[in-house]
1. Between the stretch A:93-120 and the stretch A:218-255, what's the alpha-carbon centroid distance in Å?
2. To check my understanding: the extent here is largest minus smallest coordinate of the Cα atoms along each principal axis. What are those three numbers for the stretch B:101-254, in Å, largest first?
3. Using the number of other C-beta atoms within 10 angstrom as an exposure proxy, rank B:117, B:124 with the fewest first.
4. Rg to Rh ratio, the protein assembly as shown, alpha-carbon atoms and Kirkwood radius?
5. With a 10 Å cut-off between alpha carbons and a GNM built on chain A, which of A:302, A:59, A:218 moves the most?
6. Show that you can apply the helix-only estimate: for the protein assembly as shown, add -39,500 (n - 2.57) for every DSSP H stretch of four or more residues, divide by all residues, and state [θ] at 222 nm to the nearest 500.
7. Report the dimensions of chain B along its three principal axes from the alpha-carbon atoms, largest first, rounded to Å.
8. Could you tell me what a quarter of the Cα convex hull surface of chain A works out to, in nm² with one decimal place?
Amino acid sequence: MPQAKVVLKWSTTLFVLVIAIVLSAIVCLTIGSVTIPAEVVFQILINRLFDQGMTFEHGYDVIVWDLRLPGILMAILVGVALSTAGATMQGLFRNPLADPFVIGVSSGGAFGAIIGLIVQQRMLSSIPKEHVLPIASFIGAIGTIFLVYLLSKKGGKVSVTTMLLVGIALSSFFSAVTMFLTYIQVGDPRSVLFWMMGALDNIRWYNVQISFPLILVGVVILIIYSRDLNAFSVGENTAKQLGVNVERSKMILLSAAALVTAVAVAFTGIIGFVGLIIPHVMRKIVGPDHRILIPSSALFGGIFLIWANTLSLNFSDIYEALSGEPRLVILPVGVVTALFGAPFFLYLLMVRK
Amino acid sequence: MLKIKDLTFSYDKSQDVLKNVNIKIKKGEFVGIVGPNGCGKTTLVNILSRVLEQKKGNIRLNGEDLNTIPQNEIAKLIAVVPQESMFEFEFTAMEIVLMGRLPYLARFQLEGKRDRKIAERAMKKTQCWQFRDKYIKNLSGGEKQRVIVARALTQEPEYLLLDEPTSHLDMNFQYEILDLIAELNKTKGVTIISVFHDINLASKYCTRLLLMKDGRIIADGPPKTIINRKNMSKIYEFNIILKRHPKEGYKYILPDIVNTTNNQIIPILPTISQ
């Protein structure tokens, strides 16, 4: 394909995905315990954005602006973070089974969370749990990656195979401690359990405000270094022979992927499957070139998680419509991603033969 | 000009894999490195492409210290064809070849017309243009290796390093690839440094042979003077039959391990006493 055609194809893909993400967000803003018409949603958004001073009945603007919108924006951010981190890990480890949690971010985060909650209970009870949990899990997640990196370093070089193994070892260790602490019921096991299932409810504006700049920085770095990922995905030695400063690139890519993953899990816990499946889906559509794979995975991950979240929040209604009896059924978003992601992925595998 | 002076290398402190290696390679040479397994051939190639870091000794590439040249500048001077490449993702042959332009492109620069032209020429030369849109992982070993050679050419290197480039290929492809490399050497003046498993192939193509054993260069010169009984007995533990190719005139060897008087195979390695 000539250059102009590549540029056209890539920009069309991104354009379509941007439109899709905006439409998905608007549609999902209308859905909930009360259905709010799309034109009202529009008015509310414009009113809040440009300070028009309009008022809305039934507190619609509070529902849309303060309750639904932060959740949807957070879903986008987490989807972006996990998909780009997943694509990066798969390229870096040259392993299609890699995901953002492959070197222990999740178990490190859970470990951090439970330790943080114990400390909060014993010493810092003035600080609310909701503030301790994200900070503690963020520290746990970042700390684990840092530890994996340090332990894998030998003579100024880091072997990715060693990193995988060190990651597995540390993961099992932290999981064991977490399980033990959960079992003997210290700290707040229930919160940790919810954290491990992943949840996008109870997201407020401040969550979005903190996550947005951090995830943005990380993703921009990943996009800047996506070219090096192409070289990595045909082998580390080859990357070097093609002129890539391998050790530096690897450290930068790992740090950026770790940052976005740790920020994502800090507020929403472990939402599985997104980081594994989205890069695969996009690879089928746009090919393995990371210069388009990373940004398009980011957008598609956002779209996927908007819908997964909406489904998770409104599952009670679906349950009622299907069974005829009203009942409060909570389906964690991590369950939704796997429940609907897996068959979709299998379908993709089948049709492309 | 590539100048290797007093190069010593070890993976761990206990044993040196390369011992005090001194080589001067002029532009336009076709150098073959031969020797038994574990003699340090691949290590030497990996040091030259900077996959391994050289600490003791000094290597100068066109007069500059190899350690001070930025990695992407080296990639413009030296291209490498490894023994075998593994592909995990569905890159097309064309995409793989275009990666050879990486050292020339700025971070956000897409491959332009000129880059594509260079890639096309390389692929036509190596006869893989016809499967440019096929997935690299679905190609056969020989086809894959042709794509890799095309990628190396796309780097427009002055030096081409090859590590047993044909050891996984059948005879057809072996000669095809090496004919191609010999032609590049002659027409474009690309300096070739290649590790050979098969001394007969090295003898046919190279203008100079380096014989290695235990991390040292034990002989250095044109194939016709290097391939002799004395040298061969240093690197092979069996007797050989030394012949000349009836038409092309290069020397080749055959193993001579059958005792002709009673048709018994002479054990090459001393048998383990029970």
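1. 23 Å
2. So the three principal-axis extents are 56, 28, 28 Å.
3. The fewest-first ordering by Cβ neighbours comes to B:117, B:124.
4. Here Rg/Rh amounts to 1.08.
5. A:59
6. After summing the helix terms and dividing by residue count, I get -18000 deg cm²/dmol.
7. Result, largest extent first: 68, 42, 41 Å.
8. About 21.6 nm², averaged over all directions.
A short reminder: the numbers here are calculations on the coordinates, not readings from a lab. These numbers come from a predicted model, not from an experiment. Glycine gets a Cβ as well: all are built from the backbone with ideal geometry, and neighbour counts include every protein chain shown.
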